[in-house]
Amino acid sequence: MTKTPVISARNLDKFYGEFHALKNLSIDVAEGERVVICGPSGSGKSTLIRCFNALEYHQSGQLIVDGIEVYEGSNEIIRLRQNVGMVFQQFNLFPHLTVLENLMIGPLKVRRVSKADAEATARRYLDRVHIPDQADKYPRQLSGGQQQRVAIARSLCMESKIILFDEPTSALDPEMINEVLDVMVELAEDGMTMVCVTHEMGFARKIADRMVFMDDGEIVEVADPETFFTAPRSERCRDFLEKVLHH
Amino acid sequence: MKILNRLHWVDWLILALITGFALYIWLQIAGTLNYKWRWHLIPNYIVGWHTKREEWFANVLLQGLMVTIRITLYASILALVLGIGLGLARTSRNMTVRLLARTYVEFLRNIPPLVVIFIFFFFLSVPMIDALGLERWARAIARSENNQIWIFFFGDMRLFPQLVAGTVVLALFESAFVGEIVRAGIQSVDKGQREAARSIGMTYMQEMRYVILPQAVKKVIPPLANQFITLIKDSSIVSLISVQELTFKTLELVASTRLIFEAWLVCAGFYFIICFGLSQLFARLEK
Ligand SMILES: Nc1ncnc2c1ncn2[C@@H]1O[C@H](COP(=O)(O)OP(=O)(O)OP(=O)(O)O)[C@@H](O)[C@H]1O
Ligand SMILES: [Mg+2]
């Protein structure tokens, strides 16, 4: 990579009490790059990407995201999070707000744009996730797939430079997975920087610039998708792919 | 009658026992204590007739009831404000803040209400009222002409310092319970909501104000309504610091007229009607 990285993690260590969740882990993500992270349950995938927007803090090593050093107590965390969106497995939409309000609250209260601008932005992104007609409904009135697309739009409304996805389709019924993946593919095609934890290997193959395989708090393998899926080097990665691909 | 057919012999036995017990008490009062019931005197102590001015006025029992209602209302409002602060402090990320709030709550929960009331009264209320010079200020208003508004909100202004003392003491006492309800409400909101709020760059204050509290409010309203009813009953303990509410007035009435049983029964009736009425009302509103 010749571009400067927008995420640069050097020798991160993270403990939950005694438990060593991230072990001396390093990774760079370049601007506009799409990185897909996979690995068995409990391998630390969520922990890693949650460090990227300071929902968790590492204990040693250095993490710089979008030019801001991440550490507990930093007063730049709020600014950092404005530039790094996150989409959760459980959507986490605000149930007391309508879809439109869900999308507008960040721009209104955090970015402090005008109401008209916030609404215009919200409608633009609702269009982009293909549900322009659901603006006035409440989240509970939408299907899971629609809710997740609203969650993606909520992130986009912050005009973030980077979006993190933590298994965005794992909580969805099978028939709704594709509508969400389609939106994510479109985002990727538009050049958004994406770090995506997912086990949707078809999707990964389509959009990933780089595949990352994690196990036991470590990055075991990093490769371009072609190499990754056809000739993984490590035993653990081969076993894992075996399981998810022939499922 | 259908209801008679539905009664089992056990029910009859229970009814008989209760009737027997009531009769026994009745005979004790009438016979051994040689008590003369004088119910006809009671209405006059609720609403009296002013012979000189030729108008009805609220007499001691009704006055006491009004003070009870006022004090509960004001103490609840104050306790709500304090309790929200306390609830936020209990869920704060700062350990010192959490610890202080916890200490306050535990202090209140593990000391008898009566003792708490006296401590608050002597350590906080009395010095505060002195420092603010409330006594003189209230007496001035009591003597002034245009004091209807004051009287509407606070009753007899000569008793204003006691009202303030009672309100403050009750509110402090109550804030611990409100705080616990608020804490439970905040903690009942899914933690994914906080993470979502943070991930769009909200500060702690914004996260609370726009995401957590609006959702917590729905969950805390029913227990808060219950707590309000509890406070009406608990307010009777401030009679011990000379706040002239219903219990205090009843005590006075009994002392001066010896209408022991009548007065206490009426006093109990007042509390019951208000508390039961409110609980029925809240139950209906919840639906
Ligand atoms: N808040 C926490 N406290 C203690 N341990 C935790 C906490 N969060 C995660 N862990 C532990 O850290 C390890 C890594 O968790 P993480 O959620 O990052 O895994 P993951 O790779 O995302 O797994 P999954 O595929 O199940 O989501 C797990 O063993 C988990 O039990
Ligand atoms: Mg996970």
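The values are calculated or read from the model by the stated rules, or taken from the named source; none is laboratory data. Everything numeric in this text was worked out from a predicted model, so none of it was measured. Here the Cβ positions follow ideal geometry from the backbone for every residue, glycine too, while neighbour counts run over all protein chains shown. The accessibility values were calculated without ligands, DNA or RNA, using every heavy atom of the protein model including side chains. Shrake-Rupley method; radii C 1.70, N 1.55, O 1.52, S 1.80 Å.
Things to note:
- Hits in the stretch A:4-21 - residues which are away from ligand 2 (no atom under 16 Å from the Cβ) and assigned to a strand (DSSP E or B): A:PRO5, A:VAL6, A:ILE7, A:SER8, A:ALA9, A:ARG10, A:ASN11, A:LEU12, A:ASP13, A:PHE15, A:HIS20
- Residue ranges of strands (runs of 3 or more DSSP E) in the stretch A:142-247 with at least 2 members farther than 20 Å from A:ASN53 by Cα: A:210-215, A:218-223
- In the condition set (1) closer than 15 Å to A:ILE7 by Cα; (2) without any contact (Cβ under 8 Å) to a residue 60 or more places away in the chain; (3) of a type outside the set (A, V, I, L, M), A:PHE52 is compliant with all but (2).
- All positions within the stretch A:35-89 that are within 13 Å of chain B (Cβ to nearest Cβ), within 16 Å of ligand 1 (Cβ to nearest atom) and assigned to a loop (DSSP other than H, G, I, E, B): A:ASN53, A:ALA54, A:LEU55, A:GLU56, A:TYR57, A:GLU72, A:PHE88, A:GLN89
- Residue list for the stretch B:119-144, filter: open to solvent by less than 70 Å² (accessible area, probe 1.4 Å) and either within 21 Å of the chain's Cα centre (by Cα) or within 23 Å of B:ALA89 (Cα to Cα) (or both): B:ILE119, B:PHE120, B:PHE121, B:SER125, B:VAL126
- Enumeration of residues in the stretch B:171-208 that are more than 15 Å from B:GLY85 (Cα to Cα), among the acidic types (Asp, Glu) and assigned to a helix (DSSP H, G or I): B:GLU195, B:GLU207
- Scope the stretch A:122-139; condition more than 13 Å from chain B (Cβ to nearest Cβ) and either within 25 Å of B:MET208 (Cβ to Cβ) or in a loop (DSSP other than H, G, I, E, B) (or both); matching residues: A:VAL129, A:HIS130, A:ILE131, A:ALA135, A:ASP136, A:LYS137
- Selection status of B:PHE248, closer than 27 Å to B:THR103 by Cα, buried (at least 18 other Cβ atoms within 10 Å of the Cβ) and away from every other protein chain (no Cβ under 14 Å): no
- Restricting A:GLU101, A:GLU119 to those that are free of Cβ contacts under 8 Å to residues at least 60 places away in the same chain, within 14 Å of chain B (Cβ to nearest Cβ) and open to solvent by 60 Å² or more (accessible area, probe 1.4 Å) reduces the list to A:GLU101.
- Some residue of the stretch A:8-21 being away from ligand 1 (no atom under 16 Å from the Cβ), open to solvent by less than 10 Å² (accessible area, probe 1.4 Å) and either under 17 Å from the mean Cα position of the chain (by Cα) or free of Cβ contacts under 8 Å to residues at least 12 places away in the same chain (or both): no
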